[in-house]
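A.B. asks: Quick one: this structure, given as structure tokens, is what I'll be asking you about.
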Amino acid sequence: MTKSKDKINNSCINILKFLILLYENKADYDSVMGIFSDNGEKPDKNVVQVVLNKYINALRVFGIKINKVKNKFYLESSLYSIPFSDDDLKSMSILINASKDFPDKEISENINNFISGLLFRMNNSDRIKLNNLTGKYDFSFFYSDIKKQIEECKKYCKEKPVINILYLNKGKEVNRRCNARELIYETKHTYFSVYDILKHEVVEIPLSKILSIVPQPQVGKSETTMTVIFQLKDRLAKNYKLKENEYIESVKPDGSITVVNRSEPIDKLFSRLMRYDKSCKILTPKYLRRDMFNLIERTLDNYND
């Protein structure tokens, strides 16, 4: 009876060791074979393989699927599965199809890794549903018209030359001397994020508005963080939620707060602060106070009929 218990205990321990290797993605063939060695002696591979197959089949009964690829074992499903709704599966299918044509390979890879993690926790029925959905959505057209621009901008982001960029802003041509930073993909637009060397500010330019980009022989200079300080008062000050690039510098007795903002693109910052109406005032830098004043005046001109 004792020998039988010992045998069962050893079997359980070996299964647990095997599962640990699988979950840590370290289940190479030699490591798995080593689990079954007796006192460090070299095991008989034929005998071990028979025992291992029994363990794998036992785990399969509990819904744990294991696959072997090039002398390494991988978990294809876990003991516990997450229930997915039809909407969940449709969303995953859209992500899978979109990642195939997405121009940023790093983002595509991150999406695929995310999907792999979900598949790991998915039951067989949901996997079949997802496979039937995949392929029904085609996003190959989405970035096709700006594919060359995307490749050009990615090249500048990688090589880091100083660039002169000409683009349209509200119907007017704007020329900036910049460092290329990154591409930003949003629902309907792709933006080229650049750092204006002269104004020390970050600007996000829609690719569709770019007229020309001319690289210069100089290497991009180090960036100086653009800092904007503004004051909020009244109810807005009490309910204001700080953005990722902000912190509160001071709180006055009347409840107003002074906020320090760093590196937010000026166009986006102005658009946001305009919504705060009379409860917001830019304190520094002075030239941005002037730019904000001019923006408000131009807005008021629309109502001087």
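Here, each number is a calculation from the coordinates, and none is a lab measurement. As the structure is a computational prediction, the values presented were derived from the model and not from experiment. Every residue, glycine as well, gets a Cβ built from its backbone with ideal geometry; the counts of neighbours run over all protein chains shown.
A.B. asks: Please give the direction-averaged projected area of the C-alpha convex hull for segment 108-259, in square nanometres with one decimal. Write out the running numbers ahead of the final one.
C.D. replies: On the way: hull surface 58.6 nm².
So the mean shadow area of the Cα hull is 14.7 nm².
A.B. asks: Sticking with this one: How long are the three semi-axes of the equivalent ellipsoid of segment 146-219, in whole Å, if each is the root of 5 times an eigenvalue of the C-alpha gyration tensor, listed from largest down?
C.D. replies: Numbers: eigenvalues 59, 45, 25 Å².
Values for segment 146-219, descending: 17, 15, 11 Å.
A.B. asks: Take the cross-link list K154/K199; K65/K188; K148/K286 and give me the ones stretching past 30 Å between alpha-carbons.
C.D. replies: Values: K154/K199 23 Å; K65/K188 40 Å; K148/K286 39 Å.
The answer is K65/K188; K148/K286.
A.B. asks: Fewest Cβ neighbours within 10 Å first, please rank I107, I66 accordingly. List each step's numbers first, then the result.
C.D. replies: Working: I107 14, I66 19.
Ordered from fewest to most neighbouring Cβ atoms within 10 Å, I107, I66 come out as I107, I66.
A.B. asks: On the principal axes of its Cα set, how long, how wide and how thick is segment 173-305? Give whole Å, largest value first.
C.D. replies: Cα spread of segment 173-305 along its principal axes, largest to smallest: 53, 42, 32 Å.
A.B. asks: If each DSSP helix of 4+ residues adds -39,500 (n - 2.57) and the sum is divided by the residues in the chain, what number results at 222 nm, nearest 500 deg cm²/dmol?
C.D. replies: Details: 10 runs with 132 residues, N = 305.
So the calculated ellipticity at 222 nm is -14000 deg cm²/dmol.
A.B. asks: Let me ask something additional. Normalising by the residue count of segment 150-305, find the relative contact order in percent from Cα pairs under 8 Å and 6+ residues apart.
C.D. replies: Numbers: 253 pairs, mean separation 28.5, N = 156.
Value for segment 150-305: 18 percent.
A.B. asks: Remind me, relative contact order of segment 146-219 in percent, using alpha carbon pairs under 8 angstrom and six or more residues apart? The partial results should precede the final answer.
C.D. replies: Working: 135 pairs, mean separation 24.9, N = 74.
With pairs under 8 Å counted, the relative contact order is 34 percent.
A.B. asks: Would you mind ranking T225, T258, T190 so that the residue whose beta carbon has the fewest other beta carbons within 10 Å leads the list?
C.D. replies: Details: T225 11, T258 15, T190 20.
Ascending Cβ contact count within 10 Å gives the list T225, T258, T190.
A.B. asks: While we're looking at this one, here's another question. Which values, in whole Å and largest first, are the semi-axes of the equivalent ellipsoid of the chain obtained as the square root of 5 times each eigenvalue of the Cα gyration tensor? Mind dumping the intermediate values first?
C.D. replies: On the way: eigenvalues 651, 127, 88 Å².
Whole-Å semi-axes of the equivalent ellipsoid: 57, 25, 21.
A.B. asks: Do you know the relative contact order of the chain, to the nearest whole percent, from alpha carbon pairs under 8 angstrom that are 6+ apart?
C.D. replies: Working: 377 pairs, mean separation 28.6, N = 305.
Relative contact order for the chain comes out at 9 percent.
A.B. asks: Just add up the charged neighbours of E223: K/R +1, D/E -1, any other residue whose Cβ is under 12 Å from the Cβ of E223. Please list the in-between numbers first.
C.D. replies: On the way: positive: K160, R181, K199, K221, R262; negative: D196, E201.
The answer is +3.
A.B. asks: Lys and Arg at +1, Asp and Glu at -1: add these up for the other residues within a Cβ distance under 11 Å of Y287 and post the number.
C.D. replies: Net local charge, Y287 excluded: +2.
A.B. asks: Still on this model: Tell me, in nm to one decimal, what length is gained between S85 and I107 on full extension, where the rule is 0.36 nm per residue of separation less the Cα-Cα distance?
C.D. replies: Values: separation 22, 0.36 × 22 = 7.92 nm, distance 2.50 nm.
Working it through step by step, the gained length comes to 5.4 nm.
A.B. asks: Within the chain, which whole H helices from DSSP have a Cα span along their axis of at least 27 Å and a mean Kyte-Doolittle hydropathy of 0.0 or more, if any?
C.D. replies: Numbers: long enough: 2-23 (31 Å, 0.24).
What comes out of the filter, once short or polar helices are dropped, is 2-23.
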